[in-house]
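These notes concern the structure reproduced below.
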Amino acid sequence: MQLEPDACFRATRARDPRFDGRFFVGITSTRIYCRPVCGARPARRENQRYFASAAAAEGAGFRPCLLCRPELAPGLALIDASRQLARAAASLIDDGLASEGGLDAVAQRLGVTDRHLRRVFETEYGVTPVAYAQTARLLLAKRLLTDTRMPVTEVALAAGFGSVRRFNTLFAARYRLQPTALRRTAAHPSAVDFHRFVLATRAPFDYTRLLAFFATRAIEGVEHVEGRRLRRSLIVAGADGKPRAGWIELRPAPRGPGIETRIDPRLAPALPRVLAACKHAFDLDCQPDAVAAGLGSLAAERPGLRLPGAFDGFEAAVRTILGQQVSVKAARTLAHRLVERLGSPLATPFAGVSMVFPTAARLAECAPGEIAGLGIIATRARAIVALACAVAEGRILLAPTVVDVERTIATLRELAGIGEWTAQAIAMRSLHWPDAFPAGDAGIAKALRERRPAQLARIAEPWRPWRAYAVMHLWSALEES
């Protein structure tokens with residue numbers, strides 16, 4: 001990232017691990033330089049200097065911090081031992097990847113060896129990744145036992161345990177009670193129509209504008225907004241690796257900021273992935289105070305506005321390609337045609353949700369001409385097939401847990417039909433990257449009354465590292481004007 005001092009200060013104050021390794025902070029009062037995620041008490045703004053590399057900081061006479069250890073910071077293209085790596089691993093474990101493929105799958109996703117991952121994880125969290133994963137599984141199982149009527153066997157499998165015996169043994173050893181004890185004390189409905197969970201977030205939380213964003217872009221058959229509820233279909237991999245299709249419904253949490261989600265019982269084997277998708281789509285991990293401080297007056301009129309993520313990263317990326325140089329309404333129409341022709345039917349209790357968006361594997365099998373036959377411009381049809389092939393083959397990962405965002409954006413740009421605007425827009429939604437900025441966006445140009453992308457990028461510099469949130473505020477202001 002370009003070293004704009006105010007942006008670096010805001011990133012340092014937020015201690016967001018996504019900016020670790022992108023710059024270093026020199027403290028003039030101590031002549032020590034740190035990573036932006038350092039846990040020490042932050043220095044005053046006037047005592048901070050910013051450097052693009054550790055070498056530049058040392059060249060200016062600063063020595064490395066013994067607490068945050070700059071030598072462990074990740075580079076821009078190489079994942080080193082780092083807090084960012086450990087936290088990315090923890091996020092993947094929370095999302096259920098370790099339950100599906102073990103620690104090897106987590107290490108492979110992050111591009112490191114499992115031995116290296118174990119070492120840095122234990123340094124950061126004080127426990128091994130296996131112990132962390134066991135706790136995550138047990139807490140999920142406890143929640144399922146308390147909040148659902150799933151049989152204990154299904155609870156064990158959904159939480160990622162390979163056997164019921166292992167689950168019962170670990171549960172009794174850790175919690176000093178049998179799993180069925182929670183069942184005897186919990187009240188449950190007589191029928192299992194859905195699984196209900198409440199996901200909390202930090203205040204303020206602007207659910208209304210977030211829901212309006214999804215409503216405006218809802219694909220007929222896949223998504224439907226009714227009142228304060230968002231309903232949609234979803235296909236995710238279960239703990240056994242098999243794809244599971246079903247429906248979800250989201251509404252405001254009954255108490256406090258957050259959402260209540262109701263989940264199709266057919267998605268039970270993939271509950272960690274489903275809950276993760278809801279969390280990312282509604283930006284529940286956002287630090288609204290840090291974002292508001294970074295955007296200043298731009299965010300003052302819409303406190304708590306979030307950055308919409310994606311329920312499915314590939315789906316969001318395809319929809320971004322369909323939206324190139326057309327209106328939101330036109331993009332919805334094209335997406336609906338794609339779903340009608342290549343999607344899968346799904347039985348649901350909702351009239352507005354009856355189809356599942358086609359998977360990357362399905363679209364990778366298509367010839368560009370088949371997609372172009374739906375009224376989609378040939379270059380975009382070729383881009384969709386190229387993207388589908390890259391995702392299906394594992395060459396591109398479209399998820400918020402991507403560590404090397406720059407490399408992913410560069411790989412996207414290498415695909416024919418995907419330029420800078422499309423790559424940045426995909427980074428906003430599919431990667432949920434807070435500093436993405438599609439400078440060629442027509443809405444941004446209209447809101448800022450400036451058509452030149454280079455000039456728009458310069459205008460946006462003071463909003464780093466929260467430029468994607470700035471885009472949301474600009475779009476909202478434009479829609480409300």
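The values are calculated or read from the model by the stated rules, or taken from the named source; none is laboratory data. Worth saying up front: this structure is predicted, and the values here are computed from it rather than measured. Cβ sites come from the backbone with ideal geometry, for glycine too, and all protein chains shown count toward neighbours. All accessible areas refer to the heavy atoms of the entire protein, side chains included, with ligands and DNA or RNA removed. Shrake-Rupley method; radii C 1.70, N 1.55, O 1.52, S 1.80 Å.
Looking at Leu199, Leu139, Leu170, just one residue is surrounded by fewer than 20 Cβ atoms within 10 Å (Cβ to Cβ) and in contact with a Cys (Cβ under 8 Å, 6 or more places away or on another chain), and that residue is Leu199.
From the list Val405, Val339, Val385, Val318, exactly one residue is open to solvent by less than 20 Å² (accessible area, probe 1.4 Å), in contact with a strand residue (DSSP E or B) (Cβ under 9 Å, 6 or more places away or on another chain) and either over 20 Å from Gly440 (Cβ atoms) or hydrophobic (A, V, I, L, M, F, W, C) (or both). Which is it?
Values: Val405 fails: in contact with a strand residue (DSSP E or B) (Cβ under 9 Å, 6 or more places away or on another chain); Val385 fails: in contact with a strand residue (DSSP E or B) (Cβ under 9 Å, 6 or more places away or on another chain); Val318 fails: in contact with a strand residue (DSSP E or B) (Cβ under 9 Å, 6 or more places away or on another chain).
None of the other options fit; the residue is Val339.
One residue is enough: does segment 451-466 have a residue meeting the conditions on the phi > 0 side of the Ramachandran plot, surrounded by fewer than 24 Cβ atoms within 10 Å (Cβ to Cβ) and basic (Lys, Arg)? Checking segment 451-466: not a single residue is on the phi > 0 side of the Ramachandran plot, surrounded by fewer than 24 Cβ atoms within 10 Å (Cβ to Cβ) and basic (Lys, Arg).
Just one of the listed residues (Arg255, Arg266) is open to solvent by 40 Å² or more (accessible area, probe 1.4 Å) and either over 22 Å from Ala98 (Cα atoms) or touching a Ser or Thr at 6+ places or on another chain (Cβ under 9 Å) (or both), namely Arg255. The helices (runs of 4 or more DSSP H) falling completely within segment 265-344 that include 3 or more residues that are touching a Leu at 6+ places or on another chain (Cβ under 7 Å) map to 271-281, 313-322, 328-342.
To keep it simple, each residue is scored yes or no on (1) in contact with a Ser or Thr (Cβ under 8 Å, 6 or more places away or on another chain); (2) outside any helix (DSSP H, G or I); (3) of a type outside the set (Gly, Ala, Ser).
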position	(1), (2), (3)
Cys389	no, no, yes
Leu398	yes, yes, yes
Thr401	yes, yes, yes
Trp421	no, no, yes
Ala425	yes, no, no
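Please enumerate the residues belonging to segment 356-403 that are among the hydroxyl-bearing types (Ser, Thr, Tyr) and in contact with a Leu (Cβ under 9 Å, 6 or more places away or on another chain).
Step one: of segment 356-403, the residues among the hydroxyl-bearing types (Ser, Thr, Tyr) are 359, 379, 401.
The answer is Thr401, and nothing else.
Of everything in segment 43-53, what is assigned to a helix (DSSP H, G or I) and either open to solvent by less than 30 Å² (accessible area, probe 1.4 Å) or closer than 17 Å to Ala7 by Cβ (or both)? Give them in sequence order.
Step one: list which residues in segment 43-53 are assigned to a helix (DSSP H, G or I), which gives 45-47.
Once the filter is applied, which keeps residues that are assigned to a helix (DSSP H, G or I) and either open to solvent by less than 30 Å² (accessible area, probe 1.4 Å) or closer than 17 Å to Ala7 by Cβ (or both), segment 43-53 yields Arg45, Glu46.
Taking the conditions exactly as written (among the small types (Gly, Ala, Ser) and touching a Gly at 6+ places or on another chain (Cβ under 9 Å)), does Ala367 satisfy them or not? Quick ask: steps written out before the conclusion?
Working: among the small types (Gly, Ala, Ser): yes; touching a Gly at 6+ places or on another chain (Cβ under 9 Å): no.
Here the answer is no, as Ala367 does not meet what is asked.
Within segment 421-436, being open to solvent by 10 Å² or more (accessible area, probe 1.4 Å) and either in contact with a strand residue (DSSP E or B) (Cβ under 8 Å, 6 or more places away or on another chain) or at pLDDT 95 or above (or both) holds for Trp421, Gln424, Ala425, Arg429.
Evaluate segment 226-236: report whether one residue or more is under 18 Å from Gly309 (Cβ atoms) and either open to solvent by 40 Å² or more (accessible area, probe 1.4 Å) or not in a strand (DSSP E or B) (or both). I'd like the intermediate steps shown before the answer.
Step one: filter segment 226-236 for residues under 18 Å from Gly309 (Cβ atoms), giving 230-236.
Narrowing the set further to residues that are either open to solvent by 40 Å² or more (accessible area, probe 1.4 Å) or not in a strand (DSSP E or B) (or both) leaves 235.
Within segment 226-236, one or more residues are under 18 Å from Gly309 (Cβ atoms) and either open to solvent by 40 Å² or more (accessible area, probe 1.4 Å) or not in a strand (DSSP E or B) (or both).
The lone criterion from (1) more than 29 Å from Leu275 (Cβ to Cβ); (2) surrounded by 17 or more Cβ atoms within 10 Å (Cβ to Cβ) left unmet by Pro308 is number (1). Applying the condition of being surrounded by 14 or more Cβ atoms within 10 Å (Cβ to Cβ), in contact with a strand residue (DSSP E or B) (Cβ under 9 Å, 6 or more places away or on another chain) and not hydrophobic (A, V, I, L, M, F, W, C) to segment 342-380 and asking which residue is nearest to Ala215 (Cα to Cα) yields Gly352. Within segment 88-125, being in a helix (DSSP H, G or I), farther than 22 Å from Pro269 by Cβ and hydroxyl-bearing (Ser, Thr, Tyr) holds for Thr123, Tyr125. Annotation: Leu305 fulfils all but one of (1) at pLDDT 95 or above; (2) within 23 Å of Ala386 (Cβ to Cβ); the unmet one is (2).
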